[in-house]
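Reviewing the structure listed below.
Please treat every number below as a calculation from the coordinates, not as lab data. In this text the structure is predicted, and so the values were computed from the model without any measurement. Counting neighbours? That spans all protein chains shown, and the Cβs are built from the backbone with ideal geometry, glycine included.
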Amino acid sequence: MVTELKTSRQGSVVPFTIIEGPEDWRAADFPELEDAILHLTPEYVSELDAAVATAESLISEGKKLQDISLDDVSADLPTLSPALLEAGREAQWGRGWSVLRGVPVGRYSRQQQLAAYWVLGLHWGRAVPQNAKGHLIGHIKDLGRDPNDPSTRLYGTNAAQPWHNDGPADLVSLLCLSNSEEGGESGWSSSIAVHNEILRRAPHLASVLAGPWFFDRKNEIPDGEAEGGALGVEGCV
């Protein structure tokens, strides 16, 4: 799921300036990742269950999942909502990411999984489409596509993803439904730390990365839009 928020300082990078703040981090800064994880307690899970039930009821009455708002489920989430909002603030204004653990996906049906994910995402912004089909929630799954085909988006294959960003949204979220037999680990890095390191090591490259660079849209082109475009790499991180 990708969401739009009010743009933070992370979306206003000045290419030639070292950016100081909590978003300039290294993996070594988090020797105990557990300290940075929001664990869903039994109380939180009970509230999420209630919100999912409310969402299912609204869907049975004819409301589409994408039309369910935070107001529709806020009464079910008296303690979980504040925790989720704080996680969103940390992702937007703090270190740039948050981790949640304990969503009971194993006992949820597929519709309940989607409803739970939607309810969580409502706390972090407005969902926006992530492909030409207008999908607000995408599924990362091996569909047997050829990873060597230039038009293939790698999330539909079993190939390893290179380091990349999922712009131009302000926030991107992932919900793990099951563990893979092998591989499948996710990693992330601070684009601000990368930016700062470029300035320290090869500052002339900052202006080069500021663009324009041409991007292909992998045959996912909405009606009336160009097949590609020019953006600054710095402007996408």
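Listed values, structure above:
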item	result
Surface/4 of the Cα convex hull for segment 126-237, nm²	8.7 nm²
Area projected by the alpha carbon convex hull of the chain, averaged over all directions, nm²	14.9 nm²
Selection from 85, 105, 120, by position along the positive dipole direction of segment 84-129 (Cβ)	105
Close Lys-Lys pairs in the chain, where close means Cα under 26 Å and separation is 8 or more or interchain	8
P(r) weight above 21 Å for segment 31-169, C-alpha pairs, percent	52 percent
Length-normalised contact order of segment 2-236 in % [C-alpha pairs under 8 Å, at least 6 apart]	29 percent
More than 20 Å apart - percent of Cα-Cα pairs taken over segment 175-237	54 percent
Phi-based couplings in Hz for segment 95-108 (Karplus 6.51, -1.76, 1.60; Gly and Pro marked x)	6, x, 7, 9, 10, 10, 10, x, 5, x, 5, x, 9, 8
Cα centroid separation, segment 59-106 to segment 131-172 (Å)	24 Å
